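Colleague: Let me begin by handing over the structure; questions about it come next.
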Amino acid sequence: MAFTTKKSLLRKVRAGDEISWNEFYQTYKPLILLCGLDCSLTATENEELVQQVMMEIFQKDILKNYDLDKVPDHIVFQFDPSRGRFRHYLKKIIRNHAIKLYHKRHDMLSLGEMEEGEAPAVDDWDNQWEKEWKRHLLNMALFELKTEVQPETFVAFEMYALQHKPVKDVAEFLHMSVSAVYTAKSRCIADLKKIIANLEER
Amino acid sequence: MKHYSKEELELYRNHQMSVLKRIVCAGHLNECRICSRRLKELEADDLFLNELRSSIRIFQEVQKKKEHIREC
């Protein structure tokens with residue numbers, strides 16, 4: 001997926017613009033999966049969670065017609081900003097479906113057959129959600145950053161700060177000074193913090 | 001008083017300054033609030049980067065896990 005798509009998606013959600021299934025699916029699937037894992041859902045239940053959340057958000061009976069990974073772009077979702085903040089809206093939907101799936105499994109099992117792991121209590125879930133949302137924001141911010149800085153600045157940051165390559169190797173590889181690598185790192189961190197602050201307002 | 005830039009402080013904390021420059025820088029940091037605050041900011045950046053790396057890794061793992069399940 002193009003990095004520009006990620007950027008436009010976040011802006012479009014806030015603006016109440018139309019969001020394609022694919023944009024939304026690719027961007028939010030990891031977050032939904034992580035929330036499912038936090039609720040001790042199995043791999044199969046987690047797949048179901050993604051499907052159910054997507055179905056509720058898009059309010060369309062798409063599953064019968066398409067593979068989730070191959071839904072055409074004309075299938076769109078439009079967030080109504082009057083519903084409040086998108087993160088709260090999404091959190092509620094994920095949580096409700098995760099709890100339903102968890103209970104569905106436990107209804108099918110007798111107490112003696114209960115599996116390992118327990119669904120977190122509401123407070124725990126709220127804390128977990130905040131953690132997962134923060135991780136999601138960090139990932140999104142990184143995508144946005146890539147579109148906002150010069151490619152060599154981003155590569156220097158990626159190699160040195162994210163991949164932990166020795167600063168001298170990065171400088172040599174990119175034909176820049178060590179000091180310029182440090183500048184790239186500082187610049188990217190400052191930009192990332194601004195992007196995150198901006199995303200948190202949405 | 002001349003202050004150290006973030007880049008110079010990176011050189012200092014990553015042991016990439018000459019011994020003499022390092023001694024001078026350490027002495028300056030003992031007295032200069034601006035530069036010692038700047039050094040602390042770099043340490044805070046390290047924590048931020050740890051969080052960022054961890055988030056990237058976790059998101060990549062969950063994606064890989066899903067792809068693996070699909071392949072199975």
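No lab work stands behind these numbers, since they all come straight from the coordinates. Model, not experiment: these values are computed from the prediction. Cβ placement follows ideal geometry from the backbone for every residue including glycine, while neighbour counts extend to all protein chains displayed.
Colleague: By how many degrees, 0 to 90 and rounded to 10, does the Cα axis of helix B:19-31 deviate from the longest principal axis of chain B?
Modeller: Between helix and principal axis, roughly 90 degrees.
Colleague: Something else about it: For A:ASP38, A:ASP80, which order do you get if you count the other beta carbons within 10 Å of each Cβ and list the fewest first? Write out the running numbers ahead of the final one.
Modeller: Numbers: A:ASP38 19, A:ASP80 9.
Sorted ascending by nearby Cβ count, the order is A:ASP80, A:ASP38.
Colleague: In degrees between 0 and 90, to the nearest 10, how far off the longest principal axis of chain B does helix B:33-71 point, with axes built from Cα atoms?
Modeller: Result, in degrees: 10.
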